[in-house]
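See below for the structure under consideration.
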Amino acid sequence: MNKFGTLINIVITALAPVIWGSTYIVTTQTLPAGMPLLASVIRALLAGIILLLICRVRPNGIWWMRMAILGFLNIGLFFYCLFAAAYFLPGGLASLVMSCQPIIVMVIGAMVFKQKLSVMHLFSALIGVTGISLLVFNSAVELNIQGVVIGLVGTTSMALGILLTKHWGRPGNMSLLAFTGWQLTLGGIMLLPAALLMEQLPSHLTLTNIIGYGWLSLAGGVFGYFVWFRGIEILPPVTTSFLGFMSSLSAGVLGYLILGQTFTHLQLIGCIAIVSAIYLARPPRHKSKSTLLSQRKTLSQ
């Protein structure tokens with residue numbers, strides 16, 4: 001893959017966390033209050049069912065178990081921990097805990113999947129976490145250990161989901177749309193009991209509520225997860241995990257543009273640090289085949 005093609009794939013994959021960054025503002029401004037888990041279930045199940053109705057392909061053999069595991073890690077457990085952590089922690093601190101994902105991907109990748117641990121990636125992760133801390137940190141927040149642990153469990157869940165998705169690939173008879181649809185559907189089904197137990201169904205829905213759920217399901221679910229899993233297939237797992245930083249950046253920019261929130265100088269520095277971390281974590285440029293042949297010819301002379 002040439003440099004330009006890699007850049008295009010990074011930009012396309014980054015669209016997913018950019019869209020997911022709108023989740024907070026869409027949830028607070030358009031959806032019924034106090035039902036974040038139900039919103040996650042609707043987003044996952046509606047998007048998943050739409051994709052399955054289009055594709056009409058089922059997993060076979062061992063892929064039933066693998067798809068259930070991926071749906072649990074990437075959707076069910078991750079969504080639950082995401083909103084549970086937000087319950088115990090302020091939103092900024094919850095985002096900071098979740099930003100540890102690239103580090104966890106690197107550690108698990110090196111220990112379990114024997115991937116090479118890059119000093120540059122570790123340095124990039126440090127820059128990214130620092131940037132997010134500058135973007136969201138508030139000195140008045142109180143640290144809640146339970147919230148931190150739940151947030152780390154959710155981050156680890158998504159990190160392991162990224163690595164297993166890359167390691168297993170997808171069934172030969174299944175398109176990327178169907179692969180995405182099954183994970184969303186199974187993850188949403190797993191999350192449904194928790195949502196019904198902890199929250200109540202809304203008594204009625206307004207047009208604004210329907211538009212909000214539609215955005216979360218179609219943009220955040222169908223499109224977002226399609227380009228995300230596409231990126232996992234094409235890009236290195238660590239590079240993909242770094243793109244998750246864009247979610248916090250997107251949420252901050254949307255808050256500034258729509259809710260009239262202000263940016264301090266430190267927050268602007270944080271934004272620059274996040275973009276810098278993603279740039280530094282880009283895949284290395286591989287030499288072309290012709291260049292390698294030319295170098296071998298030169299060495300042989």
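The values are calculated or read from the model by the stated rules, or taken from the named source; none is laboratory data. Remember, predicted model here, so these are calculated numbers, not experimental data. Cβ atoms come from the backbone with ideal geometry, glycine included; neighbour counts cover every protein chain shown.
Among the residues of the stretch 177-201, the one identified as part of a loop (DSSP other than H, G, I, E, B) and either without any contact (Cβ under 8 Å) to a residue 60 or more places away in the chain or out of contact with any Leu (no Cβ under 8 Å at 6 or more places or on another chain) (or both) is Gln200. When restricted to residues that are β-branched (Val, Ile, Thr), crowded, with 24+ Cβ neighbours inside 10 Å and within 12 Å of Trp215 (Cα to Cα), the stretch 34-51 contains 0. Screening the stretch 259-268 for residues that are more than 23 Å from the chain's Cα centre (by Cα) and touching a residue at least 40 places away in the same chain (Cβ under 8 Å) and picking the one that is nearest to Ser95 (Cα to Cα) gives Leu266.
Among the residues of the stretch 103-114, are any modelled with pLDDT of 85 or more, among the small types (Gly, Ala, Ser), farther than 17 Å from Ser247 by Cα and touching a Lys or Arg at 6+ places or on another chain (Cβ under 8 Å)? Checking the stretch 103-114: at least one residue is modelled with pLDDT of 85 or more, among the small types (Gly, Ala, Ser), farther than 17 Å from Ser247 by Cα and touching a Lys or Arg at 6+ places or on another chain (Cβ under 8 Å).
In the list Tyr87, Tyr80, which residue meets the criterion of being touching a residue at least 60 places away in the same chain (Cβ under 8 Å), of a type in the set (Ser, Thr, Tyr) and surrounded by fewer than 18 Cβ atoms within 10 Å (Cβ to Cβ)? Even if it seems obvious, please write down each step before you answer.
Numbers: Tyr80 fails: surrounded by fewer than 18 Cβ atoms within 10 Å (Cβ to Cβ).
Result: Tyr87 is the single residue among Tyr87, Tyr80 that is touching a residue at least 60 places away in the same chain (Cβ under 8 Å), of a type in the set (Ser, Thr, Tyr) and surrounded by fewer than 18 Cβ atoms within 10 Å (Cβ to Cβ).
Let's see how each residue does on (1) of a type in the set (Lys, Arg); (2) out of contact with any strand residue (DSSP E or B) (no Cβ under 9 Å at 6 or more places or on another chain); (3) within 21 Å of Thr156 (Cα to Cα); (4) crowded, with 16+ Cβ neighbours inside 10 Å:
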residue	(1), (2), (3), (4)
Gly187	no, yes, yes, yes
Pro202	no, yes, no, no
Gly221	no, yes, yes, yes
Ile234	no, yes, no, yes
Pro237	no, yes, yes, yes
Gln261	no, yes, no, no
Leu268	no, yes, no, no
Ala277	no, yes, yes, yes
Arg282	yes, yes, no, yes
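Among the residues of the stretch 199-229, those that are touching a helix residue (DSSP H, G or I) at 6+ places or on another chain (Cβ under 6 Å) and not aromatic (Phe, Trp, Tyr) comprise Glu199, Thr208, Gly212, Leu216, Ser217, Ala219, Gly220, Gly221, Val222, Gly224, Val227. Could you check, for the stretch 47-65, whether at least one of its residues is farther than 24 Å from Thr156 by Cβ and among the polar types (S, T, N, Q)? Yes; the residues of the stretch 47-65 include at least one that is farther than 24 Å from Thr156 by Cβ and among the polar types (S, T, N, Q). Report yes if Gly214 is without any contact (Cβ under 8 Å) to a residue 12 or more places away in the chain and either among the aliphatic types (A, V, I, L, M) or under 29 Å from Gln29 (Cβ atoms) (or both), otherwise no. Yes; evaluated as a whole, the condition is true for this residue. Those helices (runs of 4 or more DSSP H) of the stretch 9-75 in which 2 or more residues are in contact with a Gly (Cβ under 6 Å, 6 or more places away or on another chain) and among the aliphatic types (A, V, I, L, M) occupy 36-55.
Against the condition part of a helix (DSSP H, G or I), of a type in the set (Phe, Trp, Tyr) and out of contact with any Gly (no Cβ under 8 Å at 6 or more places or on another chain), how does Phe242 come out, does it pass? No; evaluated as a whole, the condition is false for this residue. Within the stretch 96-112, the set of residues being in contact with a helix residue (DSSP H, G or I) (Cβ under 6 Å, 6 or more places away or on another chain) and in a loop (DSSP other than H, G, I, E, B) comprises Ser99, Cys100.
When the residues of the stretch 212-253 are filtered to those that are farther than 24 Å from Leu177 by Cβ and among the hydrophobic types (A, V, I, L, M, F, W, C), the one that is farthest from the chain's Cα centre (by Cα) is Val253.
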